[in-house]
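Below is one structure, written out as structure tokens; comments come after it.
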Amino acid sequence: MTATDTATRTTTGTTLVIGATGTTGGRTAAQLVAAGHRVKAAGRRATPVAGADPVRFDWYDPSTFDDALAGADRIYLVPPVGEPDPAPVMLPFLRQAGTAGVRRAVLLSSSAIAEGGPAVGKVHRALPDLFDQWAVLRPSWFMQNFTGAHIHARTIRDEGAILTATGTGRVGFVDADDIAAVAVRALTDDRAPGTDLVLTGPEALGHDDIAAIVTEVTGRPVAHRPLTYGQLRDRLAAQMPPAFAAMLAGMDRAIADGAEDRTTGTVQRLTGRPPNSFRTVAERELLRTPRP
């Protein structure tokens, strides 16, 4: 498949990107703009995204819905961050979006959450009744968790450690750039790419592997420090709502049991290129610290 082939099958219209300054939303908005699509970049502060029209949007403030939806026929949905039960928050907006003329919706979910499952899994189940065209991206854990503002990235910088309850469990970590590339395809291609899209990187890695690669790339020693489920839950609960902390700690426990030890060919199939490796992302996004 060539870039020209893809371009001839893409739709025109305006895409509303919710969470347009976030990890996947920002990349999705930027890639859409670069491909020549009209984009409304939505966030709580209507922060400008180069080439996109900024618009204020807040899941918890229905007064922001009308302006965000005006003129949009497609939408990229990032659930409200830290919300353990997003369905009651999201569904009123999604019903309004369908009524307002949005015909295609692409939802960011998680490989750990199936249709009808907890949290955003309930939103996943509702989409077919709300939109003619829809897809759910279910990426594995983000590689950017170790390079950006995530808790893991902070403990790497501050403590030289990655703290998890995953034990020796392995994960098919995925690059957010690859997630965005699939999101663009799902939003714009006239040929439906599928509806339940599990996205991974090229290999499954344990957190010991991640620590070793970060050490090699940065020149600073980083170690994986295992915690129990309870220790991780309590640590996270000091930084976020307890229910959300318990859910995240439970996901780590599932990783320890092998739930994320897999890779898929979805990124290759939909973008025409292999997914990026963690080493590639680390070399791109982490600054090397010279040894003394």
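The values are calculated or read from the model by the stated rules, or taken from the named source; none is laboratory data. Given the structure is predicted, the values throughout are model-derived calculations rather than measurements. Neighbour counts run over all protein chains shown; Cβ positions are idealised from the backbone, glycine included.
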message: If I filter the stretch 145-177 down to residues being touching a Ser or Thr at 6+ places or on another chain (Cβ under 7 Å) and more than 18 Å from Arg220 (Cα to Cα), which single residue comes out as surrounded by the fewest Cβ atoms within 10 Å (Cβ to Cβ)?
response: Gly172
message: Looking at Val136, Val182 in this structure, which one is buried (at least 18 other Cβ atoms within 10 Å of the Cβ), assigned to a helix (DSSP H, G or I) and either in contact (Cβ under 8 Å) with a residue 40 or more places away in the chain or not charged (D, E, K, R) (or both)?
response: Val182
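Going through Pro202, Pro226, Pro275 one at a time, which residue ends up being over 18 Å from the mean Cα position of the chain (by Cα), modelled with pLDDT of 95 or more and surrounded by 15 or more Cβ atoms within 10 Å (Cβ to Cβ)? Spell out how you get there, then give the answer.
Values: Pro202 fails: over 18 Å from the mean Cα position of the chain (by Cα); Pro275 fails: over 18 Å from the mean Cα position of the chain (by Cα).
Step by step, each of Pro202, Pro226, Pro275 is checked, and only Pro226 is over 18 Å from the mean Cα position of the chain (by Cα), modelled with pLDDT of 95 or more and surrounded by 15 or more Cβ atoms within 10 Å (Cβ to Cβ).
If only one of Phe142, Phe173, Phe146 is of a type in the set (Phe, Trp, Tyr), within 21 Å of Glu83 (Cα to Cα) and touching a strand residue (DSSP E or B) at 6+ places or on another chain (Cβ under 9 Å), which one is it? Quick ask: steps written out before the conclusion?
Working: Phe173 fails: within 21 Å of Glu83 (Cα to Cα); Phe146 fails: within 21 Å of Glu83 (Cα to Cα).
Checking each option against the conditions leaves just Phe142.
Determine, yes or no, whether Arg225 is among the basic types (Lys, Arg), out of contact with any Lys or Arg (no Cβ under 6 Å at 6 or more places or on another chain), over 30 Å from Leu127 (Cβ atoms) and without any contact (Cβ under 8 Å) to a residue 12 or more places away in the chain. Steps first, answer last, please.
Working: among the basic types (Lys, Arg): yes; out of contact with any Lys or Arg (no Cβ under 6 Å at 6 or more places or on another chain): yes; over 30 Å from Leu127 (Cβ atoms): yes; without any contact (Cβ under 8 Å) to a residue 12 or more places away in the chain: no.
So Arg225 fails the test.
Conditions (1) touching a His at 6+ places or on another chain (Cβ under 8 Å); (2) among the acidic types (Asp, Glu); (3) part of a helix (DSSP H, G or I); (4) modelled with pLDDT under 95, marked per residue:
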| residue | (1), (2), (3), (4) |
| --- | --- |
| Val33 | no, no, yes, no |
| Ala42 | no, no, no, no |
| Tyr60 | no, no, no, no |
| Asp67 | no, yes, yes, no |
| Ile75 | no, no, no, no |
| Pro88 | no, no, yes, no |
| Val102 | no, no, no, no |
- prompt: Which of (1) closer than 17 Å to Ser140 by Cα; (2) in contact with a helix residue (DSSP H, G or I) (Cβ under 7 Å, 6 or more places away or on another chain); (3) of a type in the set (Gly, Ala, Ser) does Ser277 not meet, given it meets every other one?
  reply: (2)
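Could you tell me which of the residues Val171, Val222, Val184, Val217 is closer than 30 Å to Asp132 by Cβ and hydrophobic (A, V, I, L, M, F, W, C)? Spell out the reasoning first.
Numbers: Val171 fails: closer than 30 Å to Asp132 by Cβ; Val222 fails: closer than 30 Å to Asp132 by Cβ; Val217 fails: closer than 30 Å to Asp132 by Cβ.
Of Val171, Val222, Val184, Val217, the one residue that is closer than 30 Å to Asp132 by Cβ and hydrophobic (A, V, I, L, M, F, W, C) is Val184.
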Conditions (1) under 19 Å from the mean Cα position of the chain (by Cα); (2) touching a residue at least 12 places away in the same chain (Cβ under 8 Å); (3) closer than 30 Å to Ala35 by Cβ: number failed by Ala149: (2)
- prompt: Out of the residues in the stretch 245-258 that are in contact (Cβ under 8 Å) with a residue 60 or more places away in the chain and touching a helix residue (DSSP H, G or I) at 6+ places or on another chain (Cβ under 8 Å), which is surrounded by the fewest Cβ atoms within 10 Å (Cβ to Cβ)?
  reply: Arg253
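Regarding the stretch 92-107, can at least one residue be identified that is closer than 25 Å to Thr263 by Cβ, surrounded by 19 or more Cβ atoms within 10 Å (Cβ to Cβ) and not acidic (Asp, Glu)?
Yes - at least one qualifying residue is present in the stretch 92-107.
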The stretch 117-133 - residue that is part of a loop (DSSP other than H, G, I, E, B), within 24 Å of Thr263 (Cβ to Cβ) and free of Cβ contacts under 8 Å to residues at least 60 places away in the same chain and, of those, nearest to the chain's Cα centre (by Cα): Val120
query: Given the structure, is Thr15 among the β-branched types (Val, Ile, Thr), closer than 14 Å to Arg185 by Cα, buried (at least 18 other Cβ atoms within 10 Å of the Cβ) and modelled with pLDDT of 95 or more?
result: yes
- request: Can you give me the number of residues within the stretch 61-82 that are of a type outside the set (Ser, Thr, Tyr) and either under 15 Å from the mean Cα position of the chain (by Cα) or crowded, with 20+ Cβ neighbours inside 10 Å (or both)?
  value: 11
